[in-house]
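Participant: Shown below is the structure under consideration.
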Amino acid sequence: MKIKNILVSQPKPASDKSPYFDLEKKYGVKINFRPFIKVEGVDAKDFRKQHVEILAHTAVIFTARTAIDHFFRLCEETRVNVPEDMKYFCMSEAVSLYLQKYIQYRKRKIFFPQTGLIDDLVQLIQKHSTEKYLLSVSDVNKDNLSNILEEKGIEYTKAIMYRTVSNDFTPEEPFNYDMLVFFSPNGIASLMKNFPDFQQGEIAIATLGVTTAQAVKDAGLRLDIEAPTPQAPSITAAMDAYLKESNKKK
């Protein structure tokens, strides 16, 4: 089957220079961007059930901008005034700069690794081992950072501040695609929830990441395109290679 319509389960790229748009021009395909999952904030009532005292901590760890949004939202909803001497440890400079939305950046103690790697973030945290850390996370998280913090003996509290849920399709929403592209196991779960009678047939399924690829197989579906690989380090590179081969066959 010739690939004409592709669904990428992520928001549409902000830049016109995205490689997805290059694929559209190169192969004459139509790519629709439609997330299968969305983030919802934990409300104040449910947050209180976790018995997490924000002000009992002297530092907060943020791995994503979403974590920052929901931390400050919950502080507002629970009437917590974050002290000026609170320290912030971020996964990357890009995440740290997002703090400017909520605080006076230059007047606060903010730390981040230049590499954006978990191990380097933990090294920074270890240099401030006397702090009491609060880790803002989703209900669905890989626990990689938590496991390392525990191994290093860092005192921290994990607080679930937002949830990843299925972004349901409406009955009026068309679902007529030749290729589906997924980035997390949650996306596969959402597909099966929205379309319990889904029949793959000739529809190509592409995934980024080992766990997402495994989720496809666990759901009894066929995995056609996988990234990263030595030949295709990105999902768009993998799609490019597949579309090229597909065109040859036609």
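The values are calculated or read from the model by the stated rules, or taken from the named source; none is laboratory data. Model, not experiment: these values are computed from the prediction. Using ideal geometry, Cβ is built from the backbone for each residue, glycine included, and neighbour counts are taken over all protein chains shown.
Participant: Considering only segment 111-156, state which residues are among the β-branched types (Val, Ile, Thr) and in contact with a Phe, Trp or Tyr (Cβ under 7 Å, 6 or more places away or on another chain).
Facilitator: Hits for segment 111-156 are Ile125, Ile154.
Yes/no per residue for (1) of a type in the set (Ser, Thr, Tyr); (2) surrounded by 12 or more Cβ atoms within 10 Å (Cβ to Cβ):
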site: Tyr88; (1), (2): yes, yes
site: Gln104; (1), (2): no, no
site: Gly116; (1), (2): no, yes
site: Glu131; (1), (2): no, yes
site: Leu135; (1), (2): no, yes
site: Asp139; (1), (2): no, yes
site: Leu145; (1), (2): no, yes
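Participant: Quickly run through segment 163-187 and pick out the residues that are at pLDDT 95 or above and under 30 Å from Ile68 (Cα atoms).
Facilitator: Val181, Phe182
Participant: Within segment 24-35, how many residues are out of contact with any strand residue (DSSP E or B) (no Cβ under 7 Å at 6 or more places or on another chain) and either surrounded by 15 or more Cβ atoms within 10 Å (Cβ to Cβ) or more than 17 Å from Leu243 (Cβ to Cβ) (or both)?
Facilitator: Selection size over segment 24-35: 2.
Participant: Which of (1) under 25 Å from Ala227 (Cβ atoms); (2) of a type outside the set (Gly, Ala, Ser); (3) surrounded by fewer than 19 Cβ atoms within 10 Å (Cβ to Cβ) does Lys152 not meet, given it meets every other one?
Facilitator: (1)
Participant: Of everything in segment 1-23 that's touching a residue at least 24 places away in the same chain (Cβ under 8 Å) and of a type in the set (Lys, Arg), which residue is nearest to Ile188 (Cα to Cα)?
Facilitator: Lys4
Participant: Which of the following residues is under 18 Å from the mean Cα position of the chain (by Cα), surrounded by fewer than 17 Cβ atoms within 10 Å (Cβ to Cβ), over 30 Å from Glu245 (Cα atoms) and among the hydrophobic types (A, V, I, L, M, F, W, C): Ala94, Ala67?
Facilitator: On inspection, the qualifying residue turns out to be Ala94.
Participant: Would you be able to tell me the number of residues in segment 217-250 that are among the aliphatic types (A, V, I, L, M) and modelled with pLDDT under 95?
Facilitator: Here the count works out to 2.
Condition check ((1) closer than 18 Å to Asn176 by Cβ; (2) assigned by TED's automatic domain parsing to the domain that holds Gly28; (3) outside any loop (DSSP other than H, G, I, E, B)) across all residues:
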residue: Phe198; (1), (2), (3): yes, yes, no
residue: Glu202; (1), (2), (3): yes, yes, no
residue: Thr211; (1), (2), (3): no, yes, yes
residue: Ala215; (1), (2), (3): no, yes, yes
residue: Glu226; (1), (2), (3): no, yes, yes
residue: Gln231; (1), (2), (3): no, yes, no
residue: Met239; (1), (2), (3): no, yes, yes
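Participant: Also: Look through segment 7-17, keep the residues that are closer than 26 Å to Val165 by Cβ and not hydrophobic (A, V, I, L, M, F, W, C), and return whichever of them is surrounded by the most Cβ atoms within 10 Å (Cβ to Cβ).
Facilitator: Ser9
Participant: Under 6 Å between Cβ atoms, at least 6 apart or on separate chains: pull out the pairs that start in segment 150-173 with a residue that is closer than 24 Å to Gln126 by Cα and end on any residue that is modelled with pLDDT under 90.
Facilitator: Within 6 Å, the pairs are Ile160/Asp139.
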